[in-house]
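The values are calculated or read from the model by the stated rules, or taken from the named source; none is laboratory data. Being a predicted model, the structure only gives us computed values, none of them experimental. Note: ideal-geometry Cβ built from the backbone for every residue, glycine included; neighbour counts use all protein chains shown.
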Amino acid sequence: MNSKNLLTIVDQIHAYFEPLQIDPERELLYRHLKLTEEVGELSNDLMSHLGHQRKEKLDQFDPNNLGLEVIDVVFAALLVGKSA
């Protein structure tokens, strides 16, 4: 995948949320908050992967989700860029 294809996908994802008709400032705030949430989820999984979490979280940890969390962070960051 090249950067042009990636930008097309970002445009499609961004267009999916257009019907919400959020004003630009709120959209940027929302996208930033979503990015923060996704980074937190990735951090949680990384800490679990390293064994540095409470037992309850370690019991729920699925190492197969780590890559998906990275993808979530990347797409959330791209949407912040698109909204800026």
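Annotations
- Test result for Ala77, within 19 Å of the chain's Cα centre (by Cα), surrounded by 16 or more Cβ atoms within 10 Å (Cβ to Cβ) and among the small types (Gly, Ala, Ser): yes
- Test for Glu69: is it of a type in the set (Asp, Glu), part of a helix (DSSP H, G or I) and surrounded by fewer than 15 Cβ atoms within 10 Å (Cβ to Cβ): no
- Within region 17-34, at least one residue is free of Cβ contacts under 8 Å to residues at least 60 places away in the same chain, surrounded by 10 or more Cβ atoms within 10 Å (Cβ to Cβ) and not in a helix (DSSP H, G or I).
- Taking the conditions (1) at pLDDT 90 or above; (2) in a loop (DSSP other than H, G, I, E, B); (3) of a type in the set (A, V, I, L, M, F, W, C) in turn, Ala77 satisfies each one other than (2).
- Here Leu7 qualifies as under 17 Å from the mean Cα position of the chain (by Cα), farther than 30 Å from Arg54 by Cα, surrounded by fewer than 15 Cβ atoms within 10 Å (Cβ to Cβ) and of a type in the set (A, V, I, L, M, F, W, C).
- Scan of region 35-59 for residues that are in contact (Cβ under 8 Å) with a residue 24 or more places away in the chain and of a type in the set (A, V, I, L, M, F, W, C), ordered by number: Leu35, Val39, Leu42
- Region 60-80 residues that are over 25 Å from Leu29 (Cα atoms), paired with ones that are surrounded by 15 or more Cβ atoms within 10 Å (Cβ to Cβ) (beta carbon under 6 Å, 6 or more apart): Phe61/Ser48; Leu66/Asp45
- Flag if Gln53 is loosely packed, with under 14 Cβ neighbours inside 10 Å, over 9 Å from the mean Cα position of the chain (by Cα), over 23 Å from Ile13 (Cβ atoms) and not charged (D, E, K, R): no
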